[in-house]
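What follows is calculated from the coordinates using simple rules that are stated; it is not laboratory data. Worth saying up front: this structure is predicted, and the values here are computed from it rather than measured. Reconstructed Cβ throughout: ideal geometry from the backbone, glycine too, with neighbour counts over all protein chains shown.
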């Protein structure tokens, strides 16, 4: 069999194509392209691949490269947010370990409370928590009400953005901290801005700092299985005629590096008579890399206890028809929980075993309806929608 093979050679920096006639051996009768020769080639490729993997692990350490199915940490672990509806909206596990989370929204919407509730739950699991208070506004008495152990909570009040981000990096690199909260991104002031005068222009300095820090933090966070929560404020974009004018400070890097972006809004008050006893909060997951995004949930944040687990559970059970409402009475099977929502919440608080039973049924029902949603999901986490009021 004769074939013309085109070869190129370089002469005086010019490529010249040459045609050469070569003889190609024909395959013998009965010998196919995918038979013995293919198996030999496949075996050689497997050996070459194993050799490459061993060299990579020798150079960069065990676990530097692996088959995804062999990864022992494939399933994402999480820390509960304190609200079952929010945990389910996030994928069933709460805030995922080894990931970056951004909580943003208007003032007094409950962002810090949600973060501190996660800190409390991490401590109850025996974990170590750190709070980087860039706003210098952390209230120890409120922390106690939320169940935070302030004796063991690591607190830092940095003087500038560089210091705050370096502290966060050192805590992550220690592999000993389970959750770190930075409150807030908007309060991270670059050193150059502190040393300058009020009125001086510092364009993009904070955004560059965040971009540089997140490039270093992201792989370290993944290895340490730490949850890093950035609390952020919102700003208005000037001159926007169509769409939402809202944006978040700190540049675009945090939007890209965050596995979760959570929009927190206060939508009403919880009242006893004429007295406000809490806020009704609406949370929208605007970005989610571990479950379907754009889930929405609502729950109560009470002024004397934080997130109302019982109120949240009652709402979920009503939606799933595990609890029935007849007139103003709430019933679970043949058991009457109470007259009115507040009395029913109080009954569940006084009977935690019953609350746990209802919670287990809610989780089981939702897992049966949408198992992928509870276990971590297969959603498109890259899509995002504009902020909404």
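Summary of values
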read-out	value
Residues 205, 181, 76, sorted so that the one with the fewest Cβ neighbours within 10 Å comes first	205, 76, 181
Among 193-201, 225-233, 168-176, the order from most to least packed when residues are scored by Cβ within 10 Å on average	225-233, 168-176, 193-201
Relative packing of 333-339, 355-361, which averages over residues the other C-beta atoms within 10 Å, highest first	355-361, 333-339
Residue 222 paired with residue 280, simple spin-label distance in nm, labels 7 Å along Cα-to-beta-carbon	4.2 nm
Gain upon complete extension [residue 49, residue 240; 0.36 nm per residue less C-alpha separation]	63.4 nm
Inter-label distance, nm, simple model (7 Å from Cα along the C-beta direction), residue 173/residue 194	2.0 nm
Label-point separation, residue 75 to residue 201 (7 Å along Cα→Cβ), nm	5.5 nm
Distance between the stretch 197-228 and the stretch 234-257 - C-alpha centres, whole angstrom	17 Å
Rounded FRET efficiency, nearest 0.05, which uses the C-beta distance separating residue 339 from residue 247 and R0 of 51 Å	0.65
Euclidean distance of C-alpha centroids, the stretch 143-158 and the stretch 325-364, integer Å	32 Å
Extension gain (nm, one decimal) between residue 58 and residue 125, 0.36 nm per residue minus Cα-Cα	20.6 nm
Peptides ranked, highest mean first, by Cβ atoms within 10 Å: ranges 149-156, 294-301, 84-91, 49-56	84-91, 294-301, 149-156, 49-56
